[in-house]
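Data first, discussion second: the structure below is written as structure tokens.
The values are calculated or read from the model by the stated rules, or taken from the named source; none is laboratory data. Computed from a prediction, not measured in an experiment: that's the story for all the values here. Heads up, the Cβs are rebuilt from the backbone with ideal geometry, glycines too, and the neighbour counts pull from every protein chain shown. Areas reflect the complete protein model, heavy atoms only, side chains present, ligands, DNA and RNA absent. Shrake-Rupley method; radii C 1.70, N 1.55, O 1.52, S 1.80 Å.
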Amino acid sequence: MKTTSTFGEYIASQAERVEAALIEALPASWDVPGSLRESMNYSLMAGGKRLRPIMVLEAAEALGGSQAAALPVALAIEMVHTYSLVHDDLPAMDNDDYRRGKLTNHKVYGEAMAILAGDALLTQAFYSVTQAHRGFGIPAERVLAITEELSFYAGARGMVGGQAADMLGEQGITKLEELEFIHLHKTSDLIVFSLRAGGHIAGATEAQLNALTEFGYALGLAFQIQDDILDIIGDEQKLGKPVKSDEKQQKVTYPYFIGLEASEQKVKELTKQAKTALIQANLPNPDRLLQLADYLMQRDH
Ligand code: GRG
């Protein structure tokens, strides 16, 4: 267990590094309506786990790249993730009152400002990506690939498409494949983006990018199934949101289809599959990504 807690401390220090940079990303000196900046900051600094930005940093390091140069892209994915949460919580979508242990954005700033804060975070993300070139000299060609992939994995062909499929499916989902389509896009695509973007920063080859993609899809699905499991057996305090919400909303989840125990087994299998894909790619420093996979499987929030 010692290694787990040491790695947990490492992850916490990486999260702090991301948070310090996020504070600087939306400076008080901006000539922006105060409530818009506050609303953006409120959700951005509400204390998420920062897993996606950490994945960008660790993927860059796995390939011998610079974490500092990867930081602007790490911030970008946290901005996109945060916008998606703000919009997902709106009355027109999931209509949630709590997120990350705090009132949701629209409960504090009103629906219109929450929509605008989400829009502004999404737009700012693309600005942040460009800073990998402007601030750290990452070749423009690599930054172009990251920009292209951010719009792909976060947009209609990615996360937004997954969210739309989820809304359209609601309780009508009858097949595990339909549920997997939703998870692959709604959850895994941002994870895959994060890993590939870290790879691009470090100048990954096509084969290395493919390995990161395979790792990301398996890890993303494991992450989502674990999320569904925690909604059943997790601790409200640790999760920062009410549990049993899937059951209350009659949501079709992995545990609903195959049961709790089989879902726990599936998380283990997917984690092993993810790690195998990475090990076979012979990356220069894969250890932290491999540890991250185990860490996520054991997470309780
Ligand atoms: C509104 C376009 C749009 C998309 C919404 C993010 C999302 C898509 C929906 C939120 C609900 C959900 C269960 C999404 C799946 C991804 C997921 C598990 C998000 C939570 O990620 P964590 O646990 O959150 O990393 P923190 O708060 O730690 O950052």
Which one, ALA132, ILE191, GLY234, is farthest towards the positive end of the dipole of the chain when Lys and Arg carry +1 and Asp and Glu -1 on their Cβ? ALA132
Suppose every Lys and Arg Cβ carries +1 and every Asp and Glu Cβ carries -1, with no other charges. What dipole size does the chain come out with about its Cα centre, to the nearest 20 debye? 480
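Quick check on my link table: of LYS175/LYS251; LYS175/LYS266; LYS241/LYS272; LYS102/LYS241; LYS49/LYS241, which ones sit more than 19 Å apart, alpha carbon to alpha carbon?
LYS241/LYS272, as the Cα separations exceed 19 Å there.
Probe of 1.4 angstrom, ligands and nucleic acids ignored: what's the accessible area per residue over the chain, in square angstrom?
46
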Using per-residue counts of other Cβ atoms within 10 Å, averaged over each peptide, order 183-191, 240-248, 38-46, 23-31 from highest down. 183-191, 38-46, 240-248, 23-31
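Please report, in cubic angstrom per residue, the volume enclosed by the convex hull of the alpha-carbon atoms of the stretch 174-283.
It is 111 Å³ per residue.
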Expressed in Å to one decimal, the Kirkwood Rh of the stretch 36-79 from all distinct alpha-carbon pairs is 11.1
What does the convex hull of the alpha-carbon atoms of the stretch 144-212 project to on average, in nm²? 4.7
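How long are the semi-axes of the ellipsoid equivalent to the chain, from square roots of 5 times the Cα gyration tensor eigenvalues, in whole Å, largest first? Each step should come with its number before you reach the end.
Working: eigenvalues 143, 131, 64 Å².
Taking √(5λ) for each eigenvalue gives 27, 26, 18 Å, largest first.
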Taking the alpha-carbon set of the stretch 27-161, what are its Rg and Dmax in Å? 15.4, 45
Among 72-82, 105-115, what's the highest-first ranking by average C-beta atoms within 10 angstrom per residue? 72-82, 105-115
Sum -39500 (n - 2.57) across every DSSP H segment of at least 4 residues in the chain, then divide by the residue count to get the 222 nm mean residue ellipticity, nearest 500. -23000 deg cm²/dmol
